[in-house]
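Values quoted throughout were computed directly from the atomic coordinates according to the rules given, and no laboratory measurement underlies them. Only a predicted model underlies this, so the values are computations on that prediction, with no experimental measurement involved. Please note: Cβ atoms are built from the backbone with ideal geometry, for glycine as well, and neighbour counts cover all protein chains shown.
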Amino acid sequence: MSHFTIACRKCGKELEDAYCAFCEHCANALLVTRYREKKFREEAAEGIWRFSNWLPVHKAAFPQPSPIVFRSEGFAGKIGLEELYVVFCGYWPERGANLLTCTFKEFEAATVIANAMENHIDGLVVASAGNTARAFTHLSSVSGFQAVIIVPTMCLGEMWNLEEKPSAPTIALSDGDYSDSIAAARRISSLSGMPFEGGVKNIAKRDGLGIALLEAVACMKKLPRHYFQAVGSGAGAIATWEMSERFLGDGRFGSVPPALHLAQNLPFAPMTKAYLKKSREIFEEDLDPELIGEITTRVLSNRYPAYGVSGGVFDALEATGGSMYGVTNSEVYRAMEMFEAAEGIDIVPAAGVAAAALIQAVRQGKIRPDEPVLLNITGGGEKRLLEDRQAHRVDPVVISKKITDEEIRELLCSLKKN
Ligand SMILES: [Zn+2]
């Protein structure tokens, strides 16, 4: 018997251990994993696999380090918080942080790949705005699992790699954004027979992203009152909410989920702008692709986030008494500099968005100085990594979104030959 089932949040129907399932009955509702074991515990394993009773994976097939969690003194003191914990997802070997892609997306990629392998899937097509692609490229090499990566060319800057010739090929879309890459990935998936990773609907992706909260609670021995993270697709925020519900079900962690404080980079902040008006629908004018060109965090540039869907970001904010924040580019840079100066490690712009939102929340009195707060530094240590290792640019195959099915078939053949 599997240690989990998958159920629809809306109709409650349970499915057996199925790869990236969608509810057969409800078009617009996320499925969630229900673990048979209700008590949080760490197993005698390494890295993220210590939490495998609450991950949709039965055995550790390859190594995957976990994030580190520490109680901040420097940054906390600067902004006036007494109990700030940082979950640091990146490279900082002096502190034991060893994520070689410097992003929390490694937890997603590792969990998705391990879950797919157990479901006898041979390979996946992955669409990404950059950091997810980097994580899947790396994990494809670590695990020997096949992946085909699709990214918009505007996001290729995120696509560095420690290997000169990674095993997963990268396809770059010359005339589209992240959302167009998702559309291209779906077409490549249907023509190649390799499943699409599934985005936010993949339960393994969300449960993998929930590892940040698992590691935080393992360190804090309690749930934080407030949780801060930058959001693009919203998957990490939904994952945190879902994981916090498992802690509430345990019985030893109180009855109040952490309030989600989620941030986007202005002027492209469709979820922030919708939630400030308490709208479940995102406004069309806030999805203008021109706005994406103005933000410093392309990894947050998802035009179709899991916001209004049943069990999505809107519901997570409502259920936790959460808030959304808009952060300007200059606030992002200031927060990044402040964090690095205070803690001694560089962080990526998306993590700067979260840190800037925390600064806003303290200033606005939204959180009390003595409340336990968790800040998710979703990526960091890129500068630190380059002191130890050499990064390589990926060498992509460039296509147009107007590519025909015939051309996709030819492309897949040529990728196979290489
Ligand atoms: Zn359903």
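Data table
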read-out	value
Relative contact order [Cα under 8 Å, 6+ residues apart], the chain, whole percent	20 percent
Environment charge of Gly236, counting only residues whose C-beta is closer than 14 Å and scoring Lys/Arg +1, Asp/Glu -1	-2
Residue exposure sequence - Trp49, Trp160 - by fewest surrounding Cβ within 10 Å	Trp160, Trp49
Inter-part distance where region 199-250 and region 302-322 are each reduced to a Cα centre, Å	14 Å
Taking Cys26, Cys155 and counting other C-beta atoms within 10 Å, the order from fewest to most	Cys26, Cys155
Across Lys59/Lys402; Lys10/Lys273; Lys39/Lys78; Lys105/Lys402; Lys38/Lys383, pairs whose alpha-carbon gap is larger than 32 Å	Lys59/Lys402; Lys39/Lys78; Lys38/Lys383
Environment charge of Ala335, counting only residues whose C-beta is closer than 15 Å and scoring Lys/Arg +1, Asp/Glu -1	-2
Förster-model FRET efficiency, 30 Å R0, Lys417 and Tyr304, C-beta, rounded to 0.05	0.35
Contact order normalised by residue count of region 45-204, Cα under 8 Å, 6+ apart, percent	19 percent
Mean Kyte hydropathy of 1.0 or more with a Cα span along the axis of at least 15 Å, helices from DSSP in the chain	349-363
DSSP loop GluC sites (Glu not before Pro) with at most 15 other Cβ within 10 Å: longest gap in the chain	295-418
Residues of type aspartates and glutamates that Lys401 reaches as a straight line, Cα spacing below 16 Å, ignoring anything fewer than 8 places off in the same chain	Asp175, Asp177, Asp180, Glu410
Burial ordering of Met271, Met1, Met324, fewest other beta-carbon atoms within 10 Å first	Met1, Met324, Met271
Inter-label distance, nm, simple model (7 Å from Cα along the C-beta direction), Lys221/Arg186	4.9 nm
Relative contact order for region 180-254, counting Cα pairs under 8 Å that sit 6 or more residues apart, in percent	31 percent
